[in-house]
Structures are given as C-alpha cells and as structure tokens.
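The next block holds one structure in the form of structure tokens; read it before the comments.
The values are calculated or read from the model by the stated rules, or taken from the named source; none is laboratory data. Because the structure is predicted, anything quoted here is derived from the model rather than measured. Heads up, the Cβs are rebuilt from the backbone with ideal geometry, glycines too, and the neighbour counts pull from every protein chain shown.
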Amino acid sequence: MNKSQYAIIGAGLAGTELALILDRYGIRATVFEQKPGSRSAAHSIDSYAELVCSNSFRSDSPESGPGLLKREMRLLGSPLMDAAVKNRVPAGKALATDRRAFAEDLTRRLSRAENIAIINRKIESLDDEELKAAGEKGIIVACGPMGDESLINSLAEATGRQNCYFYDAIAPIVWSQSLDSGKIFRASRYEEGEGDYLNAPMNKEEYERFVTELRDGKTFAPREFETEKHFEGCMPIEALAKRGMETLAHGPLKPVGLTDPATGRKPWAVLQLRPETNNFSACNLVGCQTKLLQPEQERIFKLIPGMENAEFVRFGSMHRNAYVNAPEALDGNLGLRGRPGVYLIGQITGVEGYIESAATGLWLGHRLAALETGNDLPPLPETSALGALLGHLKRPAKKFQPSNITFGLMPDVEKGIRKRDRKKACSERAVAAFDEWLAETARSGVRIRT
Ligand SMILES: Cc1cc2nc3c(=O)[nH]c(=O)nc-3n(C[C@H](O)[C@H](O)[C@H](O)COP(=O)(O)OP(=O)(O)OC[C@H]3O[C@@H](n4cnc5c(N)ncnc54)[C@H](O)[C@@H]3O)c2cc1C
C-alpha cells in the first residue's frame with residue numbers, strides 16, 4: 001500500500017464513517033483504534049463502530065431533525081446509514097438496527113477497505129511519532145466522548161484548557177411559543193426595558209411546591225463510569241434542592257433585580273429562560289441541568305407558572321462527555337485553530353448523538369476529497385440539517401453545550417405559519433435547501449461519490 005495520508009484516532013462511528021469515505025475516493029488513511037487492548041467503560045465489544053447504548057438512530061420521519069439528517073446522510077452515501085438499513089430491526093417510525101450485526105458489518109468493510117490500514121493501539125498524544133508519520137496531510141481525532149484521558153489532555157493543551165470540557169451538564173430547552181406570555185415576562189436583572197431573558201416568577205407557595213417535587217423526583221441511576229463528582233457550579237438542580245428549601249431561591253432561581261410587571265413586586269423566586277436562537281424561538285432553563293428522568297422533568301418543570309403547557313425541544317441530562325468549546329477551538333471546518341492539519345469529528349466536536357457524530361465524519365471525508373482535487377465544498381445552508389448541525393459548532397455561545405440535531409438549531413420559519421404547520425414548513429425548507437446545495441456542489445465541479 002502507498003503511504004498513508006491521513007491518520008484517524010478512533011474507529012467509532014465518526015472515525016469509521018470518515019475512513020470509509022476516504023477509501024471510496026482512493027485516499028490512503030491509517031486508523032488507530034485502542035480496541036481490543038484497551039476500551040472505555042462504555043464500550044464492551046471488539047468490533048468497531050460500536051453503539052454504546054440504544055440501538056436506535058431515532059425518528060425516520062422527514063418532519064423531525066433526525067429524520068432530515070438521515071435523509072441528507074443517505075444522499076451523501078453514508079456507509080453507516082447503509083449498514084443501519086441492511087441490519088434494520090422493527091422499531092415503528094424509528095430506524096433501529098441489530099447492534100452486533102451493524103458493528104460487525106462496518107468492521108468487515110473497514111478491514112477489507114483497500115486504502116485503509118488499521119493499527120490497534122492507543123494514542124496518548126497528538127505528537128505521537130507513528131501518528132504524525134501516518135497523517136502527513138492531516139490527523140483526525142475521532143476518540144468520542146469517553147476518549148482516553150491522556151489523549152484528551154493532549155487535546156486540551158492544543159485547544160487551551162479552558163476550551164476543553166470533561167463533563168456535560170445539559171439544561172432542558174423548551175419552545176418559547178409553548179409558554180404562557182401572560183405569566184412569563186421578558187427582562188434582564190437590574191435593567192430597564194426589554195431584556196435578554198424570559199422570566200417565570202413564583203410566589204412562596206408555588207416555589208415550595210416545585211422544590212418539594214424536585215427533591216422527590218425520580219432520577220437516572222448513575223452508571224459505574226458516571227459517578228465522578230460534579231463541579232460546584234454545575235450541580236444537578238435536584239441535588240441543590242435537597243440541600244435546603246431556600247437554596248435555589250438564593251441560587252439559580254434568585255429573584256434579585258427583577259420586578260414582576262403583573263404585581264409590581266419582586267417575586268419570591270424566578271426561573272430564567274435564556275434564548276437559544278436570536279429570535280427567541282427556543283429557550284433553555286437556566287441552571288436546570290438535571291439527572292431527572294424525562295417524564296419527571298416534564299411533570300415537575302410544568303409546575304412552574306407559565307410553563308404548564310411547555311413543549312420540550314430537548315430534555316436535560318448530565319454525563320461524562322469530553323468535548324471542545326467548538327466556536328472557540330475549531331475553525332468552522334472542523335479544523336483545530338492554532339494547530340493546522342488537526343481535525344476533530346464525532347462527539348468530541350460538541351455534537352451529540354450517533355447520527356450527528358457520524359455526519360461530521362461523512363462531511364469531512366467528502367470535503368477532504370474535494371480539497372484533494374483543488375476544489376472545496378460550497379458552504380452548507382443552515383436551513384438544512386447538516387448545515388444547522390455544523391452551524392451549531394460555529395455559533396459563539398456564552399456556555400457552549402453539545403447538541404443533537406433539532407429544529408431549534410435552524411433559523412425559525414417565517415412568522416404567520418401556524419404552530420402545527422411549523423415542523424412541516426421547516427422540513428420542506430430543509431429538503432429544498434439541501435437539494436439545492438447538492439446541485440450547486442455539482443455545478444462547482446465537485447463530484448460527490450456516493
Ligand atoms: C454512555 C453513553 C451512552 C450513549 N448513548 C447514546 C444513545 O443511546 N444514542 C445516541 O444517539 N447517542 C448516544 N451517546 C452519544 C454518542 O452518540 C456516542 O458516544 C457515539 O458513539 C459518539 O461517536 P464517536 O464516533 O464520536 O465516538 P465513539 O463511537 O465512542 O468512538 C470512539 C472510538 O475511539 C476509540 N478511542 C478512544 N480513545 C482512543 C485513543 N486514545 N486511541 C485510540 N483509539 C481511541 C474508542 O475505542 C472508540 O472505538 C452515548 C454516549 C455515551 C458516553
């Protein structure tokens with residue numbers, strides 16, 4: 001085999017997807033995979049492309065973010081989508097797969113790929129000599145959210161420690177239109193006029209009922225590798241509630257600097273909601289990272305006045321998850337700022353989920369192939385699912401958090417479209433935008449191999 005041009009760390013979902021795409025273009029690559037000699041606590045089989053938890057790739061409906069992303073991945077010839085469908089198991093409207101058959105299928109494809117070499121060893125540093133020799137044109141880190149600690153430390157040195165996170169604390173996100181604007185008001189603490197937050201005020205009785213239910217709420221049982229201590233600034237809200245009835249009213253639900261326009265007084269406590277998008281279409285519940293089970297989140301947060309009919313875009317969660325502060329650490333094309341020739345794909349970039357992780361490998365594979373021919377891919381529209389996902393990694397954020405693909409990452413649809421038609425409109429717009437992007441790619445002289 002000729003000399004390897006790209007070195008990939010990790011034969012998980014993203015690494016396998018990228019390697020198979022490069023192979024399709026005849027580009028030589030070496031995959032360094034730590035299995036079977038070492039493995040993270042979440043991985044349990046020797047095959048590559050292991051699904052560590054659920055065997056579902058979520059909804060296949062074109063009126064959902066995951067459905068749209070899968071459509072775009074199929075149009076880009078995703079090996080992962082192909083293997084998922086070939087090994088499909090019945091799961092209603094979701095695409096689910098036989099996890100063992102799926103991993104074995106992709107392992108076979110990778111092992112037989114003409115242009116791919118696999119070296120089974122753990123990489124502990126981006127400066128590893130064998131890695132650098134195999135990746136003269138580029139090193140791609142695809143080590144996943146449970147990547148080996150020494151490698152993550154080496155990455156943290158390259159990104160700056162402040163841009164590398166080890167733990168994921170996700171607050172729930174709700175659609176703003178599902179909130180009761182008669183009870184929730186817009187304001188920033190201590191500021192006059194229209195503020196940057198939505199605020200859900202509570203009186204003493206409402207607050208105490210909420211705290212009592214939070215304390216008794218059912219939570220996910222931690223798994224062996226998820227038992228590390230939380231940072232003080234990042235405690236689950238139910239754990240804070242258990243410290244004392246007043247803890248939240250002096251912490252994330254403090255009412256200082258806010259006046260409820262309905263009463264003209266400072267409320268007893270306030271839940272603040274921070275916009276996720278410029279147009280306020282979706283908001284996250286500030287300070288509400290939680291380990292509550294999803295039905296419990298829905299039941300308990302709906303006790304807050306104004307949230308009675310809240311529709312959740314995403315539920316909160318907390319788990320070990322290494323990822324970078326993508327808007328700061330990456331250059332917009334998955335390249336590491338300050339370290340040319342090193343790319344990141346998969347969950348380490350700040351996307352969340354199987355398909356999202358694989359999609360970044362798929363896109364980078366096609367882009368590296370386009371660059372080989374002196375071309376480049378045109379920018380993806382943010383109205384498409386893949387464009388929205390990559391857009392999330394570029395958008396500056398006060399506290400960047402990983403995200404699945406949801407409609408909340410896309411620009412809002414025009415005003416005046418009825419609530420029940422919004423998803424359909426978003427989805428039709430995404431289909432048209434992605435198809436036009438494919439046509440534009442062809443016009444620009446790039447031939448995408450599927
Ligand atoms: C416990 C857990 C459960 C999850 N459940 C789901 C779920 O149900 N549904 C969902 O959509 N998403 C889930 N995710 C999120 C995410 O989609 C998966 O983690 C996904 O596998 C990420 O893909 P990846 O390619 O980035 O990493 P991975 O698929 O984890 O692949 C990383 C690969 O790199 C290898 N590796 C790591 N470090 C090194 C090193 N230093 N040298 C060499 N090789 C190395 C690993 O052995 C592994 O094969 C879960 C995540 C976790 C942690």
(Q) Tell me yes or no: at least one residue of region 41-59 is in a strand (DSSP E or B), near the ligand (Cβ under 8 Å from one of its atoms) and within 23 Å of residue 150 (Cβ to Cβ). (A) no
Q) With 393, 438, 368, 377 as the choices, which residue is within 16 Å of the ligand (Cβ to nearest atom) and either under 23 Å from the mean Cα position of the chain (by Cα) or surrounded by fewer than 22 Cβ atoms within 10 Å (Cβ to Cβ) (or both)? A) 393
Q. Of all residues in region 22-40, how many are of a type outside the set (Val, Ile, Thr) and more than 7 Å from the ligand (Cβ to nearest atom)?
A. 10
Q: Please verify whether region 405-421 includes one or more residues that are buried (at least 21 other Cβ atoms within 10 Å of the Cβ) and over 22 Å from residue 174 (Cα atoms).
A: no
Q: Considering only residues that are touching a helix residue (DSSP H, G or I) at 6+ places or on another chain (Cβ under 6 Å) and at pLDDT 95 or above, look in region 20-41 and name the one that is surrounded by the fewest Cβ atoms within 10 Å (Cβ to Cβ).
A: 25
(Q) Quick test for you: out of 334, 386, pick the one residue that is at positive phi and either in contact with a helix residue (DSSP H, G or I) (Cβ under 8 Å, 6 or more places away or on another chain) or within 12 Å of the ligand (Cβ to nearest atom) (or both). (A) 334
Q: Among the residues of region 264-298, write down those that are in contact with a strand residue (DSSP E or B) (Cβ under 7 Å, 6 or more places away or on another chain) and in a strand (DSSP E or B).
A: 269, 270, 271, 272, 273, 274, 275, 282, 283, 284, 285, 292
Q. Could you say which residue among 368, 330 is at pLDDT 95 or above and more than 30 Å from residue 287 (Cβ to Cβ)?
A. 368
Q) Identify, please: which residue in region 422-435 is surrounded by fewer than 16 Cβ atoms within 10 Å (Cβ to Cβ) and not hydrophobic (A, V, I, L, M, F, W, C) and is, among those, farthest from residue 279 (Cα to Cα)? A) 435
Q. Hey, any hits in region 83-93 for a residue that's near the ligand (Cβ under 9 Å from one of its atoms) and of a type outside the set (D, E, K, R)?
A. no
Q) Within region 441-450, which residues are surrounded by 19 or more Cβ atoms within 10 Å (Cβ to Cβ) and either touching a Lys or Arg at 6+ places or on another chain (Cβ under 7 Å) or not β-branched (Val, Ile, Thr) (or both)? A) none
Q: For region 79-89, indicate whether the set of residues that are outside any helix (DSSP H, G or I) and within 25 Å of residue 386 (Cα to Cα) is non-empty.
A: yes
(Q) Of everything in region 192-233, what is part of a loop (DSSP other than H, G, I, E, B) and at pLDDT 75 or above? Give them in sequence order. (A) 192, 194, 195, 196, 203, 217, 218, 220
